[in-house]
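One structure is given below, encoded as structure tokens.
Throughout, read-outs are computed from the coordinates displayed, never taken from laboratory work. All values derive from a computational prediction rather than experimental measurement. Note that we place each Cβ from the backbone using ideal geometry, even for glycine, and neighbour counts take in every protein chain shown.
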Amino acid sequence: MSTPDEKISRRSVLKAGAALVPTTALRPRPWRRQNPGPHVVVIGAGAFGGWTALNLLRRGARVTLCDTWGPGHSRASSGGESRVIRHTYNERIYVDWVIRSLDLWRENQQRWGRALYHEAGVLWMVQDDETYETTALTHLDAAGVAYERLSDAELATRWPQINPEGIRWAIYEPEAGYLLARRGCEAVRDAFVAEGGEYRQVACVGADTGAGEMRSVGLSDGSTLAVDAYVFACGPWLGYFFADLLGPLITTSRQEVYYFGTPARVTDFNDGTLPVWIDSGGRFWYGIPGAERRGFKMADDQHGGTVDPTTQDRQLSAAGIRRAREYLEFRFPGMRGAPLIEGRVCQYENSPDGHFIIDRHPLAANAWIVGGGSGHGYKHGPALGEYTAGLILDDGETEAMFSLARFA
Ligand SMILES: Cc1cc2nc3c(=O)[nH]c(=O)nc-3n(C[C@H](O)[C@H](O)[C@H](O)COP(=O)(O)OP(=O)(O)OC[C@H]3O[C@@H](n4cnc5c(N)ncnc54)[C@H](O)[C@@H]3O)c2cc1C
């Protein structure tokens with residue numbers, strides 16, 4: 001859905017002489033004094049847009065959530081069965097967001113009567129370069145996150161189904177695991193509607209801006225929405241919608257996911273027996289055993305070629321399958337000869353530094369860009385939604401690491 005917005009572009013920003021930072025001339029409206037709350041439209045019902053819409057609603061805003069194809073659809077970055085949730089990060093803010101998100105996943109799933117978070121544990125295996133992990137451990141200690149540091153021998157004793165060759169040590173997080181992805185987006189949308197939000201399955205096809213503000217957005221059903229604030233959480237489509245502003249910043253890379261069938265009558269490769277695992281050496285392979293009875297899920301984090309999220313071919317490549325099988329049979333010898341029973345092709349929407357983009361549009365103080373999940377955003381949905389709703393309603397300034405100004 002390549003709908004580049006002609007009216008708001010990086011070129012026009014630069015022509016207008018504006019830097020990629022919100023200027024004091026572009027002051028947002030005083031939402032806090034508005035009663036009833038402002039009307040906000042959120043474009044995109046993936047992990048980022050859905051949780052932002054729900055948090056805005058719960059804080060008193062009137063919210064309209066729009067999505068072209070629906071929450072967690074098969075082309076969305078939040079689609080598919082499952083996502084890893086772990087605290088091991090080398091940036092403290094992400095550790096804190098995972099702590100908060102886990103609380104919110106638990107609290108909300110209980111409220112909704114749905115099991116979205118599965119505490120299968122996460123095992124992070126360290127090979128040669130341990131810089132990331134040693135920094136992460138200082139954050140885990142400071143934040144009080146439960147973990148065990150395991151030697152290669154301890155790893156081999158605890159999970160003999162893993163070949164420990166090349167692994168020097170590991171971090172095991174018992175209070176971590178996986179989330180149901182597509183179902184999570186659906187649950188958030190359902191809660192949003194049940195709590196009074198308006199959901200519309202339409203595409204946003206353009207935006208009108210002027211005098212430092214966004215005035216309205218046009219929708220694919222021919223209607224126009226003129227509201228107080230606008231949130232664009234369009235995932236991999238952000239670079240298409242704001243082509244000149246975000247096209248050069250958000251790269252959309254092809255990512256393949258493989259599901260191998262586990263042997264009959266063997267439970268070694270199921271959740272409950274084997275935790276979610278990450279092998280930080282080489283291509284950064286990771287896997288989620290057993291989620292939703294789909295088999296042994298695995299994928300590598302290496303970025304594939306640049307793709308269009310609307311039109312990319314979603315068949316697995318022969319080279320990818322061969323690489324996955326080689327890794328599988330090396331690291332998990334008991335899976336030798338396992339049939340490939342399913343596959344998915346998705347995409348990451350990568351920012352240049354892998355950090356999220358949560359900021360006002362440089363030309364419109366009441367329009368927010370929320371994206372750049374960069375292959376690790378799903379787990380953060382609840383905390384990110386809370387943070388973004390706070391920025392919008394409390395007239396806040398974003399963290400430097402999430403700002404557009406960092407790319408100026
Ligand atoms: C294979 C894979 C594995 C991953 N693994 C993990 C993991 O283990 N842990 C983790 O935390 N994260 C993981 N991620 C990353 C995470 O899934 C993403 O960062 C996150 O889901 C991004 O959510 P989003 O809401 O920004 O984008 P999306 O889910 O793509 O949502 C954007 C939505 O916007 C809608 N939209 C776009 N343009 C318009 C428009 N003009 N009008 C209306 N609607 C529009 C789309 O239809 C879409 O539904 C993974 C991603 C992939 C692809």
Practice task
Enumerate the residues in segment 317-356 having an amide nitrogen under 16 Å from the point lying 7 Å beyond the Cα of A264 toward its Cβ.
Solution key: 338-339
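Based only on other Cβ atoms within 10 Å, what is the fewest-to-most ordering of T252, T135? Write out the running numbers ahead of the final one.
Values: T252 24, T135 15.
Listed from fewest to most nearby Cβ atoms, that is T135, T252.
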Exercise for the section: Can you tell me the alpha carbon radius of gyration of segment 167-258 divided by the globular rule-of-thumb value 2.2 N^0.38 Å? Expected result: 1.54
Practice task
Can you tell me the 0 to 90 degree angle between the C-alpha axis of helix 131-143 and the longest principal axis of the chain, rounded to 10?
Solution key: 70 degrees
Exercise for the section: Compare the Cα positions of G37, F284, G390 along the charge dipole of the chain (+1 at Cβ of Lys, Arg; -1 at Cβ of Asp, Glu; about the Cα centre) and return the one farthest towards the positive end. Expected result: G37
Exercise for the section: Report the full-extension gain for the segment D190 to R92: residue separation times 0.36 nm, less the Cα-Cα distance, to one decimal in nm. Expected result: 32.1 nm
Exercise for the section: Give, rounded to the nearest 20 debye, the magnitude of the charge dipole that the chain has about its Cα centre when Lys and Arg contribute +1 at Cβ and Asp and Glu contribute -1 at Cβ. Expected result: 860 debye
Completion exercise
About its Cα centre, segment 134-254 carries a charge dipole, from +1 on Lys and Arg Cβ atoms and -1 on Asp and Glu Cβ atoms, whose size in debye to the nearest 20 is 300 debye
Problem - Evaluated at q = 0.20, 0.21, 0.25 Å⁻¹: base-10 log I(q)/I(0), Debye formula over Cα of segment 143-220 - result: -1.01, -1.05, -1.12
Practice task
Kindly rank 350-360, 113-123 from highest to lowest mean number of other beta carbons found within 10 Å of each residue.
Solution key: 350-360, 113-123
Fill in the blank from the handout: A correct fewest-to-most ranking of Y147, Y89 by other Cβ atoms within 10 Å would be Y89, Y147
Fill in the blank from the handout: Expected sort for I392, I171 with the fewest Cβ neighbours (10 Å cutoff) up front is I171, I392
Fill in the blank from the handout: Percent antiparallel among DSSP beta bridges confined to the chain, nearest 5, equals 75 percent
Problem - Nearest-20 debye value, segment 210-280 charge dipole, Cβ charges on Lys, Arg, Asp, Glu - result: 100 debye
Problem - Radius of gyration and maximum dimension Dmax of segment 320-408, Cα, Å - result: 19.4, 57
Problem - Cα long-axis angle, helix 47-58 against the chain (0 to 90 degrees, to the nearest 10) - result: 50 degrees
Practice task
Provide the per-residue ³J(HN,Hα) series for segment 330-343, in order, calculated from phi with Karplus coefficients 6.51, -1.76, 1.60 and θ = phi - 60°, each as a whole number of Hz, with x at glycine and proline positions.
Solution key: 6, 7, 10, x, x, 9, 3, x, 4, x, 7, 9, 6, x
Exercise for the section: Can you check how the C-alpha radius of gyration of the chain compares to 2.2 N^0.38 Å, as a plain ratio? Expected result: 1.00
Problem - Cα-based equivalent ellipsoid, segment 228-286: semi-axes from gyration tensor eigenvalues, Å - result: 39, 15, 11
Problem - Ordering of 310-320, 376-386 by packing [mean C-beta count within 10 Å, highest first] - result: 376-386, 310-320
Completion exercise
Helix 92-112 sits off the longest principal axis of the Cα atoms of the chain, rounded to the nearest 10 on a 0 to 90 degree scale, by 90 degrees
Fill in the blank from the handout: In nanometres, the difference between 0.36 nm per residue of separation and the alpha-carbon distance of D208 and T135 is 21.8 nm
Fill in the blank from the handout: In terms of the charge dipole of segment 71-211, which places +1 on Lys and Arg and -1 on Asp and Glu at the beta carbon, the residue among A176, L150, V188 farthest towards the positive end is V188
